[in-house]
Each structure stands twice: as C-alpha cells, then as structure tokens.
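Accompanying notes for the structure given below.
Any read-out appearing in this document is the output of simple, stated calculations on the displayed coordinates, not a laboratory observation. The model shown is predicted, which means the values in this text are computed figures rather than measured ones.
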Amino acid sequence: MSSECIFCKISNKEADAEIVYEDNDVLAFKDINPAAPVHILVIPKKHIPTHQEIKEEDAHLVGKMHLILSDLARAFELNHDGYRVVVNCGQHAGQIVYHLHFHLLGGRPLDAMSSVRGG
C-alpha cells in the first residue's frame, strides 16, 4: 500500500467511493468523473503502480479482475450493446493515479479512438 495513493485509501475505507463490488483481492467503484453513463474502475487491493509492473505472481489476480469486469458488464446490462475496458499505463497514456486500474465504460456508443484520462 502507498500512504499517498487515493485508490489504496479507498480500498482501506479511508476515502469514500460508491463501491459496486468488493472481495478480498479486488474493489470496483464508480468513477467520480465519468466518461460514459457507466464508468466503473476495477482495482486490485494490492498496490501495483502501473500495468507495466504486473509480475508473473499477479497473473491470477489480473485474470480475476477481467472476470469481474465481465460480470460487472452483465450486471450493468452493457453486455448486449457492448462496452470498453481501458487501462492507461504511464504519463503519455493519461494515467494520473499510479495504482493499476481498469476502466469499464458503456451505456452509449463510444468513439473509435476516444480516450479516458484520469484515474
């Protein structure tokens, strides 16, 4: 855990978020600045700063996160019309919070090249 990381604080219930899923390893919550009608962030509770820093030992955790993304897409009824899963890695990709997270976006047609900044 990073003491300055807002996602670690959310995971530890030291900061508020509208949580939509939680288990021992993963937390999902609504983005406070949504880029689509449904915009959910899925994070590991383990602090991994970027996608580039995923290690072999994290493979199960990252796979689990993808299963949760699929489950959330069904729960928010995005699975019929489609949805997008985005991960920003590093400054040039628009990553602002350096804690691995996936954006689940849907609920309207998304531009082919629209970006997701933040989080």
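A few points about this structure:
- Cross-link pairs beyond the 21 Å C-alpha cut-off, checked among LYS13/LYS46; LYS13/LYS55; LYS9/LYS55: LYS13/LYS55; LYS9/LYS55
- Under the Karplus curve 6.51 cos²θ - 1.76 cosθ + 1.60, θ = phi - 60°, whole-Hz ³J(HN,Hα) for the stretch 32-45, x wherever Gly or Pro sits: 6, 10, x, 9, 7, x, 10, 9, 10, 9, 10, 10, x, 6
- Evaluated at q = 0.16, 0.26 Å⁻¹, the base-10 log of the normalised Debye intensity for the stretch 3-84, with identical point scatterers placed on the Cα atoms, takes the values -0.65, -1.39.
- Computed over the chain: relative contact order in percent, which uses C-alpha pairs under 8 Å that are six or more apart: 28 percent
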